[in-house]
Structures are given as C-alpha cells and as structure tokens.
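S.K.: Here it is, the structure in full.
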Amino acid sequence: MQVGLLVVNELVTNAYRHGSAPGDVISVRLYLSEVGPVAEVRDGSDAEPRVKPLVLDSFTGRGLAIVSELTKAWGFRRLASGGKSVYAVLNGGAT
C-alpha cells in the first residue's frame, strides 16, 4: 500500500510542478487492468515526462526514477483533448 501511495504522490507532484498552471485540473484515476493495478494522473501539459539520472543527494528531480524502480512499468500518452496521462502499473500484492 505504501508503495502505491508513494507512486501516486510522485506522479501528482510532477503534474503539479511541471504539468499545470494555477487553476488547472489534475485528475487521478486508479483502476485494475489486465497487467495489474494502474495509477494514472492527467494534467494539461503536452510536455513529455522524462526520467532524470538518479542523483541520491539531490532533493528534486528523482520522482520518475523512483516510479521507474518501484513499478512494473510506466509511461504516458497524449490526450486528444489536450494534455497528457502519465500512468504506472503497480506491482500486485500487499506491500
């Protein structure tokens, strides 16, 4: 459970810091897919999310590196209505 919360927190933080302006909507969707539980965060930016090199003594820029290490897979897709959806497939089972 804590890993899932951390992943959602990182995705929402990225949407807030890099994918939205004041007043923009950020939405979170959790669902079960054929490959496992999925956390999806949508924001209004078309910018492609990128994993930065993991620098352990840095206080910022580690979110997607953490998501990459803690999940089965992650990715993004641009939305026809504008913006993007960033998703992470969580590992199943209790954590």
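S.K.: Sort out which residues of segment 9-32 are under 18 Å from Arg78 (Cβ atoms) and assigned to a helix (DSSP H, G or I), and write them in order of number.
M.R.: Leu11, Asn14, Ala15, His18
S.K.: Let me ask you something else. Just one of (1) of a type in the set (Asp, Glu); (2) closer than 15 Å to Leu6 by Cα; (3) more than 15 Å from the chain's Cα centre (by Cα) trips up Glu40, so point out which.
M.R.: Glu40 satisfies every listed condition except (3).
S.K.: Among what's in segment 45-57 and is surrounded by 11 or more Cβ atoms within 10 Å (Cβ to Cβ) and either at pLDDT 90 or above or of a type in the set (Ser, Thr, Tyr) (or both), pick the residue that is nearest to the chain's Cα centre (by Cα).
M.R.: Pro49
S.K.: Considering only segment 40-73, state which residues are part of a strand (DSSP E or B), closer than 15 Å to Gly19 by Cβ and either among the aliphatic types (A, V, I, L, M) or touching a Phe, Trp or Tyr at 6+ places or on another chain (Cβ under 7 Å) (or both).
M.R.: Listed by number, the residues that qualify are Glu40, Val41.
S.K.: How many residues are under 13 Å from Pro37 (Cα atoms) and touching a residue at least 60 places away in the same chain (Cβ under 8 Å) when one looks only at segment 71-86?
M.R.: Total satisfying the criteria: 1.
S.K.: Quick check on my filter: what residues within segment 59-77 are among the basic types (Lys, Arg) and surrounded by fewer than 13 Cβ atoms within 10 Å (Cβ to Cβ)?
M.R.: Arg77
S.K.: Go through segment 1-41 and count every residue that is at pLDDT below 95, farther than 14 Å from Val86 by Cβ and crowded, with 17+ Cβ neighbours inside 10 Å.
M.R.: So the count comes out to 1.
The values are calculated or read from the model by the stated rules, or taken from the named source; none is laboratory data. Since the model is a prediction, treat every value here as computed from it, not as a measurement. All Cβ positions, even for glycine, are placed from backbone atoms using ideal geometry, and neighbour counts span all protein chains on display.
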